[in-house]
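Just so it is clear, none of the values below were taken in a lab; they were calculated from the coordinates. The model shown is predicted, which means the values in this text are computed figures rather than measured ones. Every residue, glycine as well, gets a Cβ built from its backbone with ideal geometry; the counts of neighbours run over all protein chains shown.
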Amino acid sequence: MKHLASGLALAIALSTPALAQEAETRVIGVSIPAATHGWAGGMNYFAQTAVERLEATYPQLDFVLATASDPAKQVNDIEDMVATRKIDALVVLPFESEPLTGPVQNVKASGAWVTVVDRGLAVEGIEDLYVAGDNPGFGRVAGEYFAKALPEGGKIVVLRGIPTTIDNERVEGFQKALEGTNVEILGMEHGNWNRDDSFTVMQDFLSKYPQIDAVWASDDDMAVGVLGAIEAAGREDVKFVLGGAGMKEMVKRVMDGDAMIPADVTYPPAMIATAIEVTAAGLVSGAPVSGQFIIGSVLITPENAANFHYPDSPF
Amino acid sequence: MTDTTKAPIRLSMSVIGPVLGLLALIVAGALLNPNFLGWDNIVNVLARSAFIGIIAVGMTFVITAGGLDLSVGSMAAFIAGLMILVMNSALPALGVGIPVVLLGMAVALAGGLLAGLLNGLIITRLGIEAFIVTLGSMGIYRSLVTWLADGGTLSLDFSLRSFYQPVYYSGILGISWPILVFALVVVLGEIVMRATAFGRHCAAIGSNDQVAKYSSVRVARVRLMTYAGLGLLVGVATIMYVPRLGSASAATGVLWELEAIAAVIIGGTVLKGGFGRVWGTVIGVLILSLISNILNLTDFVSPYLNGAIQGAIIILAVVLQRESKAGT
C-alpha cells in the first residue's frame with residue numbers, strides 16, 4: 001500500500017512537469033529579410049539577440065528564425081514553419097506587402113498569432129499585433145529640424161530611398177513640415193539607401209547647384225556617401241547633413257559634436273526585438289497585447305545621443 | 001564589285017554607331033545643363049566610370065573568347081571586404097603608411113587573380129557552362145562579404161582611410177588616379193587584343209573553338225587566362241574603389257556584372273564571342289555613366305523613369321550598330 005502510494009506519487013511527480021512542459025512548449029516563428037543593407041543587418045542582429053535572450057528566459061518557448069533574400073523565399077520559409085514546426089505565433093517583417101499577404105493570411109487561418117512588423121500587409125485586419133516605425137513622423141521630425149536649424153531659410157537637396165511607400169510617406173512628412181518656411185528644396189533624387197549611389201547623386205547635385213546650404217540624406221548609409229562627395233569636392237557651402245535611422249558611426253559623430261552631423265533621426269532596427277518580446281510576453285503571460293505599437297521617430301542630439309548608441313550592433 | 005563598295009561603309013557604320021551615340025549624349029548633356037562640360041563634372045564621370053571600365057576591359061576578353069562572367073560584382077565586393085579586414089588587422093603592426101596600403105593592394109590583386117583562376121579552372125577543366133559556374137560564384141562571394149561584415153558594413157580605419165584616400169581623389173595634373181589607371185588598362189587591353197597572339201586566339205576560340213583547337217590553339221589555357229585576367233582587373237578596380245568611401249557591405253558592387261556586360265556589348269563586342277573591341281567597351285562604359293549623370297543633372301524626367309531611359313538607350317545603341325549588319 002505504502003509502496004503503491006509512494007510509487008504513484010513518484011509517477012505523478014515525474015510525469016507532471018513533463019506533461020506540463022509538453023502542453024506549454026510554444027513555437028514562435030520569426031521571418032525577416034536577410035541582411036542585405038546596413039539597416040537590415042542591424043535588424044538581423046537585434047532579432048538574434050532577442051531570440052537568444054527569450055530562449056534563455058522562457059524555457060517553454062522555442063524559436064524558429066529564418067532570413068529570406070527575396071519575397072518568394074520568405075513565402076517558402078513561412079509555409080515550412082507552419083508545416084514542419086507547427087508554429088503558435090509568427091513574427092514577420094514582410095519583404096513586400098502584396099506577395100506575403102496570402103501566405104500570412106493562411107498562417108492566421110491555422111490559428112496562430114500573427115505579428116506584423118514595419119511593413120503592413122495589403123489586406124487589413126489579418127495581424128493581431130502591428131509593430132512599426134513612424135514613417136511620416138520620421139520625415140516630419142527631419143523637416144522640423146531643418147526649419148529650426150535654418151531659421152533664415154536656405155537651399156537644400158534631398159536624397160530619397162528606394163521608391164516605396166515608406167520613402168513616399170517620409171518625403172511627404174518632410175515636405176509638410178517645411179510648408180510655410182523659407183527652406184527651399186532644390187532637388188530630390190533617389191540614392192536607393194546605398195552609399196555608392198548617393199555618392200554619385202551628391203556629386204551631380206554639387207555640379208548642378210553652386211549653393212547648397214544643407215542636405216537631407218534621409219538615411220545614414222546615404223549620409224556616408226553624401227559626406228564623401230562633399231569632402232571630395234571641397235565645398236564649404238554645405239553646413240550640415242541630416243541622415244536617419246541611427247547607425248552607430250553616425251550616432252557617435254553626433255555624440256562627439258561633429259558640425260557636419262549635428263543630429264540624426266531614429267528609425268530603430270531594434271523594432272523587431274520589440275515585436276518578438278511583446279509576442280512572447282503575450283504567449284507566456286496571457287496579458288493582452290493585440291493592437292498597434294508605433295515606435296516614434298526621435299531626434300538624436302549631442303545631449304541624448306548616448307541613449308541611442310549600440311556599439312555591439314553591426315549597424 | 002558591289003561587295004567591295006559596300007564593305008567599307010558597313011564597317012564604318014558599325015564603328016561609328018557607338019561613337020555617334022556617345023556624341024549625341026554629350027551634346028544633349030551640354031544643352032541641358034551648362035555645368036555638364038565643366039572640368040569637375042568630366043573628372044567625376046570619368047573617375048566613377050573607372051571601376052566598371054577596368055572590369056569591362058577584362059570582360060571584353062572573356063566575352064570575345066565565348067565566355068561570360070556574372071561574378072565580378074560580388075567578387076569586387078568580397079575583395080573589397082577582404083582588403084579592408086586585412087588592412088585593419090595589419091594596422092597595429094605596420095602603422096599608417098605606405099606598407100599597409102601596399103599590403104592591401106597585394107591582397108586585392110592576389111585575391112582577384114585567385115578568384116578568376118578558380119572560375120576559369122572550374123569552367124575549363126570540369127567543362128561546366130560559364131554562366132552556371134559564375135552564377136554560383138556570384139552567390140558565394142555575395143554571401144561571403146555579408147558574412148565577413150556580419151550583415152553590416154566593413155569600414156576602413158579612419159586614419160588609414162584618410163591616408164589612402166588620395167588614390168581615388170588625387171592624381172597628376174588634375175587627372176585622378178582611377179582615370180589614369182583606367183586609361184592605362186585600356187591602352188594595354190587594346191594592344192593585347194589587336195597586336196598579340198593571345199588577342200587573336202580569343203577571337204578564334206569565340207568564333208569556333210573546334211577550329212581553333214585544330215589550329216593548335218590551346219583553347220583551355222587561353223580561356224583560363226581570360227578569366228584570370230578579368231579577376232586581376234577586378235582586383236585593380238577594387239584598389240581604386242576602397243579609398244573612395246572606405247567601406248564594403250552586401251550592397252557593394254551590386255549589378256556591376258550586368259553594367260560591365262552591357263558596356264561590352266554596346267561597344268560592339270559580340271555577345272556570342274568571336275569579335276571584341278576594347279576601345280568600343282570604353283565608349284559603352286562612358287555612355288552608361290553619362291546617362292545617369294545627365295539624368296541627375298536635369299529635372300527632365302521623373303527619377304522613377306531613370307531605369308527605363310537607361311534601358312532604352314542601351315537597346316538603341318546596340319540597334320544603331322546592328323542595323324548596318326542587317327544588310328548582310
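Table for the structure above
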{"quantity": "Pairwise label distance in nanometres, B:Ser216 with B:Trp39, each label 7 Å out on the Cα-Cβ vector", "calculated": "5.6"}
{"quantity": "Solvent-free Debye scattering, log10 I(q)/I(0), computed from the Cα coordinates of the stretch B:124-261 at q = 0.09, 0.18 Å⁻¹", "calculated": "-0.40, -1.16"}
{"quantity": "Rg(Cα)/(2.2 N^0.38 Å) for the stretch A:135-265, N = residue count", "calculated": "0.93"}
{"quantity": "Relative contact order of the stretch B:183-259, pairs being alpha-carbon contacts under 8 Å that are 6 or more residues apart, as %", "calculated": "14"}
{"quantity": "Diffusion coefficient, µm² s⁻¹, Stokes-Einstein with Kirkwood Rh over alpha-carbon pairs of the stretch B:15-323 at 20 °C and 1.002 mPa s", "calculated": "108"}
{"quantity": "GluC sites (Glu not before Pro) lying in DSSP loop within the stretch A:25-132, provided at most 16 other Cβ fall within 10 Å", "calculated": "A:Glu96, A:Glu124"}
{"quantity": "Helical segments meeting 24 Å axial Cα length and Kyte-Doolittle -0.5 threshold in chain B (DSSP H)", "calculated": "B:2-32, B:39-64, B:72-94, B:98-125, B:130-148, B:177-195, B:219-245, B:278-297, B:306-326"}
{"quantity": "Rg(Cα) / (2.2 N^0.38 Å) computed for the stretch A:206-309, rounded to two decimals", "calculated": "1.40"}
{"quantity": "Space enclosed by the convex hull of the alpha-carbon atoms of chain A, per residue, Å³", "calculated": "148"}
{"quantity": "Long-range tail of P(r) for the protein assembly as shown (Cα pairs > 34 Å, %)", "calculated": "51"}
{"quantity": "Top positive-direction residue, dipole computed over the protein assembly as shown with Cβ charges, set B:Val145, B:Val318, B:Val219", "calculated": "B:Val219"}
{"quantity": "Table column - 3J(HN,Hα) (Hz), the stretch A:45-56, Karplus curve with 6.51, -1.76, 1.60, x for Gly and Pro", "calculated": "4, 5, 5, 5, 5, 5, 5, 4, 5, 6, 5, 6"}
{"quantity": "log₁₀ of I(q)/I(0) at q = 0.17, 0.20 Å⁻¹ - the stretch B:209-284, Debye sum with one point per alpha carbon", "calculated": "-0.86, -1.05"}
{"quantity": "Residues whose placed amide H lies under 5 Å from that of A:Val30, excluding near-sequence neighbours", "calculated": "A:Val64, A:Leu65, A:Ala66, A:Val91"}
{"quantity": "Amide H within-cut-off set for A:Lys155, under 5 Å, with H built and near neighbours excluded", "calculated": "A:Glu184, A:Asp213, A:Ala214"}
{"quantity": "Point-charge dipole on Cβ atoms (K/R +1, D/E -1) for the stretch A:23-159, about Cα centre, debye to 20", "calculated": "260"}
{"quantity": "Over chain A, relative contact order from alpha-carbon pairs under 8 Å, at least 6 apart, %", "calculated": "18"}
{"quantity": "Size of charge dipole - chain B - debye, nearest 20, with Cβ of Lys, Arg +1 and Asp, Glu -1, no other charges", "calculated": "840"}
{"quantity": "Relative contact order of the stretch B:15-323, pairs being alpha-carbon contacts under 8 Å that are 6 or more residues apart, as %", "calculated": "36"}
{"quantity": "Simple Cβ-charge dipole of the protein assembly as shown, Lys/Arg +1 and Asp/Glu -1, about Cα centre, in debye nearest 20", "calculated": "2620"}
{"quantity": "Footprinting exposure proxy for A:His309, A:His190 (fewest neighbouring C-beta atoms within 10 Å first)", "calculated": "A:His309, A:His190"}
{"quantity": "Calculated FRET efficiency for the pair A:Asn76/A:Arg235, C-beta based, R₀ 60 Å, to 0.05", "calculated": "0.80"}
{"quantity": "Label point distance in nm, A:Arg53-A:Asn106, each placed 7 Å from Cα along Cα→Cβ", "calculated": "3.3"}
{"quantity": "Residue among A:Val251, A:Ile212, A:Asn194 farthest towards the positive dipole end of chain A, charges placed on Cβ", "calculated": "A:Val251"}
{"quantity": "Average partner coverage of A:192-205, which counts Cβ from other chains inside 10 Å", "calculated": "5"}
{"quantity": "Fewest-first sequence of A:Asp256, A:Asp118 by Cβ atoms within 10 Å of each Cβ", "calculated": "A:Asp256, A:Asp118"}
{"quantity": "Neighbouring partner chain Cβ atoms per residue of B:242-248, average, 10 Å criterion", "calculated": "4"}
{"quantity": "For the stretch B:37-123: rounded, prolate or oblate by the Cα gyration tensor [a/c cutoff 1.5]", "calculated": "oblate"}
{"quantity": "Ranked B:Trp147, A:Trp113, criterion: other C-beta atoms within 10 Å, fewest first", "calculated": "B:Trp147, A:Trp113"}
{"quantity": "Nitroxide proxy distance, nm - points 7 Å out along Cα→Cβ at B:Ala28 and A:Asn182", "calculated": "3.9"}
{"quantity": "Computed [θ] at 222 nm, deg cm²/dmol, chain B (DSSP H ≥ 4; -39,500 (n - 2.57); rounded to nearest 500)", "calculated": "-26000 deg cm²/dmol"}
